[in-house]
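Q: Here it is: the structure, laid out below.
Read the figures in this text as sums done on the coordinates, not as results from a lab. All values reported here derive from a predicted model rather than from experimental measurement. Note that we place each Cβ from the backbone using ideal geometry, even for glycine, and neighbour counts take in every protein chain shown.
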Amino acid sequence: MKSRRVVALLLLVLAVAPLAIAQQVSQKKDIAVFKLSYYQWDIPDSVLGGIDEEIRGVFVNIGRFNVLGMTQRLEPGDLSQFIDRIKAFKEVRAEMPEAVQMGREFFTQSDFERLVGSFIVVVPSVASYVLEVKDDGDFHVALKTSFSFINVEQGTTFAQAFVETEGTEDSPQGAARSALDGIAILLTYEIRKIPEFQLKTGVLEVHGGEVILELGRDMGIKVGDEFVLVASRVLDSGKTLTTENGLLVIKEVSDEVSVGKVLYARPRPQEGDQLREFPLLGVETTPYLHVASGLLYDPGKITGLIGFKQSISRGFYGFRPIFGLEVPLIANILAALPLNLYVGGEYVLYLGRLTVMPSVAAGVGGAFLWYADVPDDEKFALTHVGGQAGLSLAYLFNKKMRFTLDVGYLNWFSLVPTKYFFDAEFLFPDYDGLFIGAGLTIKL
């Protein structure tokens with residue numbers, strides 16, 4: 001009897017062991033972040049303000065790092081020397097001089113002790129800075145920031161990310177500040193794209209079309225994030241083949257676990273399945289073409305609309321905000337270019353690959369006028385106010401794209417006086433109607 005129990009226990013261990021070995025769960029990494037280097041560029045110190053704290057805050061808020069803030073600024077040209085110094089310090093652990101200079105900065109033995117204790121070192125620097133004066137007198141700054149990631153253990157640079165931002169203001173300082181303010185959200189995305197930083201986790205439980213996975217707010221997961229189901233097998237050649245078998249979106253997040261809605265999976269997910277983060281910026285863009293048939297103002301008249309809609313997906317599940325820009329084909333294009341700008345919300349109901357999205361939005365319409373007898377101060381006119389309500393059916397045909405069919409009702413009221421004519425044609429009438437159309441959603 002005892003031998004049977006031993007055999008049963010061994011069989012259980014053998015069955016569970018491959019699962020335990022195969023599944024990977026990410027842990028927080030120790031990371032040291034230098035201050036932004038900008039010495040070779042003419043950027044006033046007053047403009048930079050708290051940019052160093054903002055950059056450090058990105059690494060803190062992303063959740064997957066223990067962050068150590070350094071007080072030095074390291075220039076890109078000093079990276080090789082810095083890596084050599086780190087290697088030498090690790091090898092001998094000898095007493096250093098009171099301070100060692102690299103570029104413009106000095107490092108003490110205490111600094112090197114802190115750096116060697118970190119798994120990764122991040123060196124941010126301004127790669128390019130272009131200040132221009134526009135025709136209207138405003139100042140425009142184009143900024144490119146580089147982030148180098150150094151593996152301290154290996155003494156190598158394993159990744160580099162570039163963030164490009166722009167800013168336009170009525171002063172050089174304001175334009176530069178605006179460009180710097182745009183770094184945080186793009187840097188978050190660039191970090192999540194780096195393979196070494198992508199979260200890996202596993203399925204803890206399966207409940208119908210939902211799964212509970214390990215990791216939550218403790219590692220920076222947000223509702224709207226997406227994960228792919230992956231499986232690996234060793235080929236006869238000894239190489240490992242990894243395939244993606246499914247996709248899920250996070251609907252609930254707690255401190256240490258999260259709940260994901262399965263969008264598709266083949267085979268069905270099981271406890272112990274491996275998951276890998278599918279990093280996205282968190283914006284879905286949908287270019288579309290709609291056709292509306294008038295009901296109230298001009299029954300039977302067909303109005304075409306070409307536009308795009310953007311939805312904010314990261315940080316939202318179910319209801320999420322939308323905004324869009326469209327061109328209603330109501331005016332002679334030789335005389336004016338009409339535009340509608342709208343904001344609103346949509347509710348996303350996930351039914352596997354199929355998504356049902358009712359939405360409502362309101363906005364304003366305007367037009368750029370370019371026929372000759374319009375005064376310069378009237379080249380742009382506010383022309384309409386209105387909105388729309390609709391229902392979209394979307395099918396996810398790969399993990400980044402959906403095909404959508406749209407139906408709904410729109411109504412836009414004209415605000416302009418009847419003086420806006422072109423060749424005896426009133427350019428901006430009221431228009432409304434039931435609309436139908438299609439679009440292509442691209443997840444960014």
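Q: Of the cross-linked pairs Lys134/Lys400; Lys144/Lys251; Lys134/Lys309; Lys29/Lys309; Lys35/Lys251; Lys301/Lys399, which ones have a Cα-Cα span greater than 31 Å in the structure shown?
A: Where the Cα-Cα span goes over 31 Å, the pairs concerned are Lys134/Lys400; Lys144/Lys251; Lys29/Lys309; Lys35/Lys251; Lys301/Lys399.
Q: Which whole number of Å³ per residue matches the convex hull of the alpha-carbon atoms in region 198-278?
A: Numbers: hull volume 6.9 nm³, N = 81.
Value for region 198-278: 85 Å³ per residue.
Q: Would you list Asp135, Asp181, Asp432 from fewest to most Cβ contacts within 10 Å?
A: Ascending Cβ contact count within 10 Å gives the list Asp135, Asp181, Asp432.
Q: In whole Hz, with x marking every Gly and Pro, tabulate ³J(HN,Hα) for region 66-73 from phi via Karplus 6.51 cos²θ - 1.76 cosθ + 1.60, θ = phi - 60°.
A: So the Karplus estimates, Gly and Pro as x, are 9, 9, 10, x, 9, 9, 8, 10 Hz.
Q: Please give the peptides 345-355, 194-204 ranked by average Cβ packing (other Cβ atoms within 10 Å per residue), highest first, as a rough proxy for protection.
A: With the highest mean Cβ count within 10 Å placed first, the list reads 194-204, 345-355.
Q: A further question on this structure: How many angstrom separate the Cα center of region 312-364 from the Cα center of region 231-263?
A: Using only Cα atoms to place each centre, the spacing works out to 32 Å.
Q: Arranged by the count of other C-beta atoms within 10 angstrom, fewest first, what order do Trp41, Trp370, Trp412 take?
A: Listed from fewest to most nearby Cβ atoms, that is Trp370, Trp41, Trp412.
Q: If a/c stays under 1.5 just call it rounded; otherwise compare a/b with b/c (prolate if a/b is bigger, oblate if not). Do that for region 283-443, with a ≥ b ≥ c from the square roots of the Cα gyration tensor eigenvalues.
A: prolate
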